[in-house]
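Here the structure is laid out as structure tokens; the discussion comes afterwards.
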Amino acid sequence: MTRVVSIGECMIELSGREGVTWRQGYAGDTLNTLWYLRALSAPSTETDYVSAFGDDPFSHEQIAFLRANGIGVAASPTIPGKAPGLYAITLDAHGERSFTYWRQNAAARCLADDYDALAESLSGAGLIYLSGITLAILDERSRDDLLSIIETARARDTVVAFDPNFRPRLWADPGHARTVMRGGYAAASIVLPTFDDEQALFGDANPMETIERIRHHGPGEIVVKSGGAEALVAVDMAVTPVAPPQAIEPLDTTGAGDSFNGAYLAARLARKSPQDAALFAHAVAGMVIRHHGALMPMQKLADIRP
């Protein structure tokens, strides 16, 4: 049995607006990735979403929603007086999305406040997944504690996957963001960046430059995503371009990169090669962008396996 742990923030999602009516769901980058990994993995794969939750009705509903879909919460703490963050998706005529957030006082910002609970949640994981957003919402001490626990787990042969997922509004200082991202690269064995994000933060001229820069920090497996274009898969010193099987006109691109990550990791857990995993991930992301919102219903993925 493989145990997979994803760390971050589960928010209330408002999408699919019709007039003044919105559809409510739950989402967040690391949750989205775990959702697709859970849907695409063998039933024996154990999955936990590690965060912090409030003591309000929305938090209780979040936890019930996760458990109903085969995702536990390990030893995630409950923070009295806190509640989930909230975001709303606005789409343009081409399915490209923009977001409005209300998350400053979200319970998830406290996910690493209790060192012992966090260590317990990550203990025994075969794969740990986190993102730059996970790191961005934590204070300095909590971030250092999280990376310390992860580095200890990796030393014990746990695979650590990291998507830098740079979001400028979460960082007061780009220089600080660059420093923290380098710590994320160094803690990871697999890095799953998006070229546009890396270019915005580091000024990379092309995806190959992204690979060379991240490779310097030690991860042996890097997959650079470029939206609907080919991904570059770098394993050790070999780099292979992997194109999507077909071009797809998106309905809603929310969660595209997260679903790619989840499908890629599910395929790697199933012992597929990195190149085959990337091709599978392209196919899954192509399905997801034809669906409104970040989380495509798991039953629509029930017959798909890497």
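The values are calculated or read from the model by the stated rules, or taken from the named source; none is laboratory data. Predicted model, so just to flag it, every value in this text is computed and none were measured. Using ideal geometry, Cβ is built from the backbone for each residue, glycine included, and neighbour counts are taken over all protein chains shown. Quick note on the areas: whole protein, heavy atoms, side chains included, nothing else; ligands and nucleic acids left out. Shrake-Rupley method; radii C 1.70, N 1.55, O 1.52, S 1.80 Å.
Restricting attention to the stretch 116-125, which residues are open to solvent by 20 Å² or more (accessible area, probe 1.4 Å) and under 11 Å from Ala75 (Cα atoms)?
Asp116, Ala119, Glu120, Ser123
Do the conditions hold for Ile149, that is, is it buried (at least 17 other Cβ atoms within 10 Å of the Cβ) and at pLDDT below 95?
no
Checking Asp236 against (1) farther than 30 Å from Met1 by Cα; (2) open to solvent by 50 Å² or more (accessible area, probe 1.4 Å), only one condition comes out false. Which one?
Evaluating Asp236 over (1) farther than 30 Å from Met1 by Cα; (2) open to solvent by 50 Å² or more (accessible area, probe 1.4 Å) leaves (1) as the failure.
Check Arg23 against each of (1) surrounded by 15 or more Cβ atoms within 10 Å (Cβ to Cβ); (2) in contact with a strand residue (DSSP E or B) (Cβ under 6 Å, 6 or more places away or on another chain); (3) not in a helix (DSSP H, G or I) and name the one condition it does not meet.
Unmet condition: (1).
In the stretch 292-306, how many residues are over 14 Å from Gly257 (Cα atoms) and in contact (Cβ under 8 Å) with a residue 40 or more places away in the chain?
Summing the residues that are over 14 Å from Gly257 (Cα atoms) and in contact (Cβ under 8 Å) with a residue 40 or more places away in the chain in the stretch 292-306 gives 7.
Which one of Gly286, Gly218, Gly293 is out of contact with any Phe, Trp or Tyr (no Cβ under 9 Å at 6 or more places or on another chain), under 20 Å from Ser131 (Cα atoms) and among the small types (Gly, Ala, Ser)?
Answer to the selection: Gly293.
Which ones in the stretch 262-306 are in a loop (DSSP other than H, G, I, E, B), basic (Lys, Arg) and under 20 Å from Val4 (Cα atoms)?
Within the stretch 262-306, Arg271, Lys272, Arg305 qualify.
Does Ala270 satisfy the condition of being under 25 Å from Tyr49 (Cβ atoms), in contact with a Pro (Cβ under 7 Å, 6 or more places away or on another chain), open to solvent by less than 60 Å² (accessible area, probe 1.4 Å) and aliphatic (A, V, I, L, M)?
Judged against the criteria, Ala270 is a match.
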